[in-house]
Every structure is written in C-alpha cells, then in structure tokens.
Amino acid sequence: MKGFQSLSKITGRILSIGAMAMLAMALYTGSAGACVMGVTPPPPPVLPPPPPFNGPPPHIVPPPPPGVPPSVVKAETSATVAENAANNAETAANNAQHAAADAMDAAVDAENSVNRANKAVNKALNNFEKSVMK
C-alpha cells in the first residue's frame, strides 16, 4: 500500500506540473494571439458639441512686451550721437570745400593782379627808359 501511495503522490505531482505547464502555454498562446490579431482599445466616447457662444469674448490680457535691455538702449543712444556727429562732419566738410574753392578763386585773382602789376611796372620802366634815353 505504501508503494501505491508514493506512486499516486508522484502521479499527482506530475499531473500538477503538467496542468501548470498547460495553463502557462494557454496564457502565452492567448497573449500571443491577441498581439497578432491586433487587440485595440475601444474608441473614446463621442463628446457632445460645445454650446454656442453667446456673450462678450473673455477678457484676455496680453503679456507685457519684453523689456529692452540697458545695453540696447545705450547702443541706440551711442548710434544716435554718432549719426549726429557724422552729419556735423559732413556739413563741415562741405563748408571746407566751399572755402577751398573760394580760396582758389582768390589765389587766381591775386595771380592775375600780380601779373597786371608786373605789366604796369614793366610799362612804367619802359616809359622811364624812353624818357631818359631821349
């Protein structure tokens, strides 16, 4: 009787292990089949459309504009000062060009005056020589 009990225990254990293996195989096959068949979740419920808008629009405050960094303000001020200085330099250059043209005209006039004076002196010397030589 003792051998029968041990044989039944061994058989019970083998059957138990076999049942667990079959259960594991069934779970694996089921999950693999679900992956192959593409089990997808149900679609989300359809939401009702929003009610129509009746009333004034909500008050939306826009965000404040970004602040201007001090370095940009300083650069802009420096650029304005430089632009004014460049305009003043351009005006001074134009004035200097006109003054140079006027000076050139005066120099030409002075040269003409010197030439006329030399001619007058030469004429006076010639007249003096003629009067002395007579």
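The values are calculated or read from the model by the stated rules, or taken from the named source; none is laboratory data. Everything numeric here is computed off the predicted structure, so don't read it as measured data. Using ideal geometry, Cβ is built from the backbone for each residue, glycine included, and neighbour counts are taken over all protein chains shown. All accessible areas refer to the heavy atoms of the entire protein, side chains included, with ligands and DNA or RNA removed. Shrake-Rupley method; radii C 1.70, N 1.55, O 1.52, S 1.80 Å.
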If you take the charge dipole of region 54-134 about its Cα centre, with +1 on Lys and Arg Cβ and -1 on Asp and Glu Cβ, which of 95, 55, 66 is farthest toward its positive end?
-> 95
Calculated SAXS-style log₁₀ I(q)/I(0) at q = 0.10, 0.13, 0.14, 0.17 Å⁻¹ - the chain, Debye, Cα scatterers = -0.88, -1.00, -1.03, -1.13
Using a simple spin-label model with points 7 Å from Cα along the Cα→Cβ vector, what separation in nm is obtained for residue 61 and residue 107?
-> 7.3
Estimated vicinal HN-Hα couplings, Hz - region 64-76 in sequence order (Karplus 6.51, -1.76, 1.60; Gly, Pro = x) = x, x, x, x, 8, x, x, 5, 5, 4, 5, 5, 5
Taking a quarter of the surface of the Cα convex hull of region 72-134, what do you get in nm²?
-> 4.6
Taking region 43-85, how much of its Cα-Cα pair set, in percent, is spaced more than 11 angstrom apart?
-> 81
Evaluate the charge dipole of the chain about its Cα centre and quote only its size in Debye, nearest 20, assuming +1 on the Cβ of each Lys and Arg and -1 on the Cβ of each Asp and Glu.
-> 1080
Excluding ligands, DNA and RNA, the carbon-plus-sulfur percentage of the accessible area of the chain with a 1.4 Å probe reads 70
Quick one: Karplus J couplings for region 6-19, per residue in order, coefficients 6.51, -1.76, 1.60, θ = phi - 60°, nearest Hz, x for Gly and Pro?
-> 5, 5, 5, 5, 5, 5, x, 5, 5, 5, 5, 5, x, 5
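Kindly state, to the nearest 0.05, the FRET efficiency for residue 118 paired with residue 98, given R0 = 35 Å and r defined as their beta-carbon distance. All intermediate terms of the calculation are to be shown ahead of the outcome.
On the way: r = 31 Å, r/R0 = 0.87.
For R0 = 35 Å, the calculated efficiency reads 0.70.
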